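A quick write-up on the structure given underneath.
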Protein chains: 6
Amino acid sequence: MTQPPISRFSVPALDELPPDIQERIEAVREKTGFVPNVFLALARRPDEFRAFFAYYDALMLREGGLTKSDKEMIVVATSAANQCPYCVVAHGALLRLFSKNPLLGDQVAVNYRSADLDPRRRAMLDAALKLATAPQSFGEEDIQLLLGHGFTREDVWDIGAITSLFALSNRMAHLTDMRPNEEFYTLGRNRS
Amino acid sequence: MTQPPISRFSVPALDELPPDIQERIEAVREKTGFVPNVFLALARRPDEFRAFFAYYDALMLREGGLTKSDKEMIVVATSAANQCPYCVVAHGALLRLFSKNPLLGDQVAVNYRSADLDPRRRAMLDAALKLATAPQSFGEEDIQLLLGHGFTREDVWDIGAITSLFALSNRMAHLTDMRPNEEFYTLGRNRS
Amino acid sequence: MTQPPISRFSVPALDELPPDIQERIEAVREKTGFVPNVFLALARRPDEFRAFFAYYDALMLREGGLTKSDKEMIVVATSAANQCPYCVVAHGALLRLFSKNPLLGDQVAVNYRSADLDPRRRAMLDAALKLATAPQSFGEEDIQLLLGHGFTREDVWDIGAITSLFALSNRMAHLTDMRPNEEFYTLGRNRS
Amino acid sequence: MTQPPISRFSVPALDELPPDIQERIEAVREKTGFVPNVFLALARRPDEFRAFFAYYDALMLREGGLTKSDKEMIVVATSAANQCPYCVVAHGALLRLFSKNPLLGDQVAVNYRSADLDPRRRAMLDAALKLATAPQSFGEEDIQLLLGHGFTREDVWDIGAITSLFALSNRMAHLTDMRPNEEFYTLGRNRS
Amino acid sequence: MTQPPISRFSVPALDELPPDIQERIEAVREKTGFVPNVFLALARRPDEFRAFFAYYDALMLREGGLTKSDKEMIVVATSAANQCPYCVVAHGALLRLFSKNPLLGDQVAVNYRSADLDPRRRAMLDAALKLATAPQSFGEEDIQLLLGHGFTREDVWDIGAITSLFALSNRMAHLTDMRPNEEFYTLGRNRS
Amino acid sequence: MTQPPISRFSVPALDELPPDIQERIEAVREKTGFVPNVFLALARRPDEFRAFFAYYDALMLREGGLTKSDKEMIVVATSAANQCPYCVVAHGALLRLFSKNPLLGDQVAVNYRSADLDPRRRAMLDAALKLATAPQSFGEEDIQLLLGHGFTREDVWDIGAITSLFALSNRMAHLTDMRPNEEFYTLGRNRS
């Protein structure tokens, strides 16, 4: 069977890309063992590629009050609400890896309300989902709920900004019909 | 009366900001005559600020098949669906200026379906609105409709990517309760 | 450029109209300086015209607990939820004029939740929006919330009845594709 | 058991009402055998009462392309979408009487799509429901569909205007918690 | 006039059915005086027929904390939300009979929130409606609300299971376009 | 860590159950290697248990035009729309096993519209989703679409009836907070 394409837009050959983008892609391949398709699907517009990954790094690699697992939970829960295959499958894998919980990716993807989460994380996802799906109703009372669960104002910004970035990311994935790499489906599924 | 704050998060003093951000802000002040609040509200996180405006420039300043007025229409129509005061008011002003039509900002903000638009622009906004509000239903048939109205595949990417960027931007504005500058309310309202 | 029509239904010539309707239209022209298109678009059915404006006068000119500005807020907020160009643009102008606040029309039209409003007016609009968009859920608890903010029972009736009248008005405007007069876009936009 | 009140607002005694309103109410009692509660619930605001019933008469008694049964169908179908007890129960009775079909009131109230209706009436109700529940999407294509089923432009106005009037009426009924007279539940239920 | 069919799928002749199904149908005819169409519409698949009515009997005939009238209320309210003609009309009749209240069927069908119900039954229907229309949001807090109104855990199961069975039943009725027997429209409409 | 409970209702010990239910549970344990939690969660009400599994067997084991993989697709897609963890996780596993496609479970769960499916199966799921989430709009045109893709009327019944059964099943799972067995998360994930 021929492999379905990874994007409905053209995907450039690696060696045609600007050197900084080639380098970034090689670095991720080295670290992860494969090139996640989002790098290839976005590379056809180098300036947008650079901005996207700069934004991604600024939020997802930032040291702060949220753990890596918290951040991935936000990504998976909001991307599931947008029914985004790439983001749910790829970040579901990262959530399993970072949380060391092989069930959490699917739990959060299907219905975060019944996932094995403490009340603080449930509140975090309630706020993220509201900003993702009904942003016009997000208000001061949502901020106060988060502060009441012990999040700092910087944490609140992180929760909101990650939700916002994946509002963008989910839509780019739907625009391009971006296909998750097969590797993501099984990563982190075994109890260690 | 005291002026309401421009963001519910802290706003740094200009002279505390990294030099490149100070420069960018001074440049816009010089060109526009005032500093749009989005620059101040986002400046507290310099890396995210840089990524946001790099993304913005990559799409909004890009030469291509869409006019500046087309791009602002997409921003206003999708931001209105998200009921985002900052984006509707600020980009409504830009839409009036670029289109030289003092009515178009409000028309597109209230109901783009009844605005004075040709069928090609109506199709452009139908696709943008679908991606903005029901991204899980956006598919190949939407792409084909756009191509059928004479848009190229690069135009389609622009339409989708601008919609995606403002899905992010609207949510950051709701997160921060970002307040539009008073100047935007009246810019471009007179027939030239 | 030819002016787009003010209605998708036929619009009678003024001198063909019954004398009482001609008089009413001349009176508004004298007072306002132009004839708002709603008068022309509805005039083709004189009995319905008379009933509509009798209802309008009974509510909008009635002395009571709501200010003229309060009433226009209800009209703008509920008409924005119905995306009604005529009502949002025309009554946005009236709201600017009556409130002497050049920003309030757009603020309430885009998202009344983030407009510069005290909690009492926010509660007034919450109730109006619920009755406008989910009337089947409106109940005694909504009445009690309004009374708790100091509204009298007559004020509650006014809030509900104005909302109801513009539920009608918005739909007539959509039915006829009623076009706002250009004058409304700029009225009341300057700080006095 | 004490009878529940017919409105959550005060209901004036008949002999306190202005003579023209007393006369109207006596006339309907004579004709119908009882006073439908809508007359009593709205009478506390005589000017609004007069405007409401003038509007009602202008549309519901008007000679034109729609039959009395067609008009009641529009009222029942749109009021059911708004879950309005008074309008569904009272006009369901009128629909049974005018159509001489004892099943039609309940059929249209529960789901007009599966009621025993010809395609022309199905199209009429499709348009009415769209204007009632998603007025912002109502447009020229809906008008054309109606014309294609043989409705005239005046019929289209009637369909839209009746829908609009009951958008008002349903909301006044929810505002007042208006109670249907018990008589309406059984009227017209027997095959003649 | 020819009678419309009772199902859009074929309906077997009674004497072609397995003996146990013939017996069940004859028993209901004897008791009720006519054969409710659901028996005929489902009989073409005997195993599914048997499972459906076994489930029905297990819940609807079970002795427990809910009265027969309570159970029918749940059926009518949730079926009305699904706009299911067969279930609303047939079980509306049963609700009138069991409650000895000729108004309750229509009240619950049109808008259970304004029906003549005590707070306990209102809470029962709130929970049933949530499980029927937004099952993903149903959670422990809904269980607690029911317990707080004096329902036992077995009652809660009954409320949820009846709602679940009619989620199935409503969809089978829409699938087959199942037609209510004319007898159901008038049963139980007279004050005894 | 203590294992979370498999249901929020009491779960009977196996040896307290009626013999036929014990046998059924032992049979599935023998065949599958573990007891799926749905058997335990429903066993507290033996008559409902028997009816549920009789219905399940009648549809899921029936020989007909739909393959086992087709049936599981319907279950996964409609259960995902209802955000039902038990059904999505357990039947996602069955879908992987029956289709011998380790990606299909997640693809259909996240967004069946972008899953690797031929147009016939896409149409099957479009119909199932409509009946699951907007049953009041399901009509003859949906039947015709399925027939146009080569489904027989018996296939249409199967598609609708499986959708209906899982409308019930999803709600019972939400009612009981039914927890998927850990085994289901990994079954069928390897390419054979």
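Readers should treat all values here as calculations from the given coordinates under stated rules, not as data from a laboratory. It should be emphasised that the depicted structure is a prediction, and the values quoted were computed from it without experimental measurement. No Cβ is skipped: glycine too gets one built from the backbone with ideal geometry, and neighbour counts run over all protein chains shown.
Mind listing the Cα extents of chain E along all three principal axes, in Å, largest one first?
In descending order, the Cα extents are 51, 36, 27 Å.
What's the angle, to the nearest 10 degrees (0 to 90), between helix F:68-81's Cα axis and the longest principal axis of chain F?
80 degrees
How long are the three semi-axes of the equivalent ellipsoid for the protein assembly as shown, computed from the Cα gyration tensor as the root of 5 times each eigenvalue, in whole Å, largest first? Could you put the intermediate results ahead of the total?
Details: eigenvalues 402, 401, 139 Å².
Over the Cα atoms of the protein assembly as shown, the ellipsoid semi-axes are 45, 45, 26 Å.
Mean separation of Cα pairs under 8 Å and 6+ residues apart, divided by the residue count of region E:1-153: what relative contact order is that in percent? Don't skip to the end; give the middle numbers.
Working: 116 pairs, mean separation 23.1, N = 153.
Answer for region E:1-153 is 15 percent.
Take the Cα coordinates of region C:5-114, assign each an equal point scatterer, and use the Debye formula without solvent to give log10 I(q)/I(0) at q = 0.14, 0.21 Å⁻¹.
Reported log10 I(q)/I(0), two decimals: -0.64, -1.23.
If you project the alpha carbons of region A:70-155 onto the principal axes, what extent comes out on each, in Å, largest first?
33, 24, 23
If we hang a label 7 Å off Cα along the beta carbon direction at B:P5, how far is it from the matching labels on the other copies, in nm, shortest first?
4.5, 4.5, 4.8, 5.3, 6.7
Mind checking the angle between helix A:19-32 and chain A's longest principal axis? C-alpha axes, 0 to 90 degrees, to the nearest 10.
For helix A:19-32, the angle is close to 70 degrees.
Which entries of F:K68/F:K130; A:K100/F:K130; C:K130/F:K130; B:K31/B:K71; B:K130/D:K71; E:K68/F:K71 have Cα-Cα distances beyond 31 Å here? Spell out each step's value before the answer.
On the way: F:K68/F:K130 21 Å; A:K100/F:K130 37 Å; C:K130/F:K130 28 Å; B:K31/B:K71 20 Å; B:K130/D:K71 35 Å; E:K68/F:K71 35 Å.
Cα-Cα > 31 Å for A:K100/F:K130; B:K130/D:K71; E:K68/F:K71; rest within.
At 4 °C and 1.567 mPa s, grab the translational diffusion coefficient of region E:50-92 from Stokes-Einstein with a Kirkwood Rh over Cα pairs, rounded to a whole number in µm² per second. List each step's numbers first, then the result.
Values: Rh = 11.0 Å.
Here the translational diffusion coefficient equals 118 µm²/s.
How long, wide and thick is region A:110-162, going by the Cα atoms along their three principal axes, in whole angstroms, largest first?
26, 24, 19
Can you list the distances in nanometres, one decimal and ascending, from the F:R120 label point to the identical position in each other copy, with the point 7 Å along Cα to Cβ?
In ascending order, 4.2, 4.2, 5.4, 5.6, 6.9 nm.
Work out, step by step, the length gained on full extension between C:N190 and C:R62: first 0.36 nm times the residue separation, then minus their alpha carbon distance; give nm to one decimal.
On the way: separation 128, 0.36 × 128 = 46.08 nm, distance 2.78 nm.
Gain in length upon complete extension: 43.3 nm.
Rounded to the nearest 20 Debye, what is the dipole magnitude of region C:49-156 about its Cα centre when Lys and Arg each give +1 and Asp and Glu each give -1 at the C-beta? Don't jump to the answer; show the numbers that get you there.
On the way: 12 positive and 13 negative charges, 54 e Å.
Dipole about the Cα centre, nearest 20: 260 debye.
Applying 1/(1 + (r/R0)^6) with R0 = 25 Å to the Cβ-Cβ distance of A:Q22 and B:V28, what FRET efficiency is obtained, to the nearest 0.05? Write out the running numbers ahead of the final one.
Values: r = 33 Å, r/R0 = 1.32.
With R0 = 25 Å, the Cβ-Cβ based efficiency is 0.15.
Once Rh for region E:1-58 is found with the Kirkwood sum over Cα pairs, what is the Stokes-Einstein diffusion coefficient at 10 °C and 1.306 mPa s, in µm²/s? Could the numbers behind the result be given before it?
Values: Rh = 12.0 Å.
For these conditions, the coefficient is 132 µm²/s.
Per-residue mean of other chain beta-carbon atoms within 10 angstrom of the beta-carbon, peptide A:127-135? Write down the numbers at each step before the final one.
On the way: counts 1, 0, 0, 1, 5, 2, 1, 3, 12.
The per-residue average across the peptide is 3.
Which value in deg cm²/dmol, rounded to the nearest 500, describes the helix-derived mean residue ellipticity at 222 nm for the protein assembly as shown, given -39,500 (n - 2.57) per DSSP H run of n ≥ 4 and division by the residue count? Working shown, then result.
On the way: 54 runs with 720 residues, N = 1152.
That calculation yields -20000 deg cm²/dmol at 222 nm.
Could you tell me the distance between the Cα centroids of region B:47-95 and region E:112-156, to the nearest Å?
Centre-to-centre (Cα) distance: 46 Å.
In degrees, nearest 10, range 0 to 90: what is the angle between the Cα axis of helix E:85-99 and the longest Cα principal axis of chain E?
60 degrees
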